[in-house]
1. Considering only the range A:55-65, state which residues are more than 7 Å from chain B (Cβ to nearest Cβ) and surrounded by fewer than 22 Cβ atoms within 10 Å (Cβ to Cβ).
2. Only residues in the range B:49-66 that are more than 19 Å from B:LEU89 (Cα to Cα) count as the first member; pair them with residues that are among the polar types (S, T, N, Q), Cβ under 7 angstrom, at least 6 apart or cross-chain, and list the lot.
3. I want to confirm something. Restricting to the range A:117-131 and keeping residues that are within 8 Å of chain B (Cβ to nearest Cβ) and in a helix (DSSP H, G or I), which single residue is nearest to the chain's Cα centre (by Cα)?
4. Do you know which residues across the range A:26-69 are among the charged types (D, E, K, R), out of contact with any helix residue (DSSP H, G or I) (no Cβ under 7 Å at 6 or more places or on another chain) and not in a loop (DSSP other than H, G, I, E, B)?
5. I'd like to verify a number: residues in the range B:64-87 that are more than 13 Å from A:ALA59 (Cα to Cα) and open to solvent by less than 30 Å² (accessible area, probe 1.4 Å), how many?
6. Pairs under 7 Å by beta carbon, first residue of a type in the set (Gly, Ala, Ser) in the range A:29-54, partner part of a loop (DSSP other than H, G, I, E, B), six or more apart or different chains?
7. In the range A:70-116, which residue that is touching a His at 6+ places or on another chain (Cβ under 8 Å) and in a loop (DSSP other than H, G, I, E, B) is farthest from the other protein chains (Cβ to nearest Cβ)?
8. If you take the residues of the range B:32-53 that are charged (D, E, K, R) and either outside any loop (DSSP other than H, G, I, E, B) or under 20 Å from A:ARG68 (Cα atoms) (or both), which of them is most open to solvent (accessible area, probe 1.4 Å)?
Amino acid sequence: MTLPPLPERAISIGVRARDWRDAVRASGEALTRAGFARASYADEMVRMIEEHGPYVVIAPGLALAHARPGPAVLADGLAIVTLAAPVEFGHPHNDPVSVVLGLAIASVEGHLAQVAGLANVFNDPSTVPALAAATTADEVRRLMGVGS
Amino acid sequence: MKIVAICGAGIGSSAILKVNTERVLERLGLEATVEAADVASIKTAAADAQVILTSPEFVEAIGPTFADVVVILNYFDQQELAEKLDAALG
């Protein structure tokens, strides 16, 4: 399985977010902390949702925040933010969101394999609630199937 | 047969939809090419598509089309995908 890199510093547990923008920005901060994206990438992720709506809430409780490859992306990588209290994104079926994935993709080529890795993990419906309940970054990495 | 998965960026969510659609097609024994595209390129990407897969937000932006527009709520629910693809293609 080829998930994008998910180091411990790209994981934030129990973040207090006032609204969806806060939640998405927290995933941007985690991507920046891990060296995957410049700080401006968080704005791009927020803008995608402002422009296109809450479609990034692709499963119950789960948002996949991302923007396009570009100068704000430094390397392929994944961030995971779990929220202390779920927030509404305005999605008709999958709200409220308790887990935000931040995805940075450096180039479109080859990203399908990494996304397939994400599908492997999240096709199991117990993954989102388990991530939401996780209390350590180690536990999150274990649930995502990456070494601990 | 061609199926197009649409999202805002043409990566990420539409790619997940593409991957899971291919898995479901295989399970159903159906053959089709599945493409991921962004909503801005819908007119060219979907010109020769039979089915467009997307989330509720993009239905309006996709506009009039000869393809079946199928709305997927949970991108990771292969059962939902299978039922809706079966209905659209069957």
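The values are calculated or read from the model by the stated rules, or taken from the named source; none is laboratory data. For clarity, every value in this text was computed on a predicted model and none was experimentally measured. FYI the Cβ positions are ideal-geometry reconstructions off the backbone, even for glycines, and counts take in every protein chain you see. Ligands, DNA and RNA are stripped out before the accessible areas are found, and what is left, the full protein with its side chains, is counted by its heavy atoms. Shrake-Rupley method; radii C 1.70, N 1.55, O 1.52, S 1.80 Å.
1. Residue satisfying the conditions is A:GLY61 alone.
2. What qualifies is B:ILE62/B:THR54.
3. Here the residue is A:LEU118.
4. A:ASP43, A:GLU44, A:ARG47, A:GLU50, A:GLU51
5. 4
6. A:ALA34/A:PRO7; A:GLY35/A:LEU74; A:GLY35/A:ALA75; A:ALA37/A:ALA72; A:ALA37/A:LEU74; A:SER40/A:ALA72
7. So, considering only residues that are touching a His at 6+ places or on another chain (Cβ under 8 Å) and in a loop (DSSP other than H, G, I, E, B), the one farthest from the other protein chains (Cβ to nearest Cβ) is A:ASP76.
8. By that ranking, first place goes to B:LYS43.
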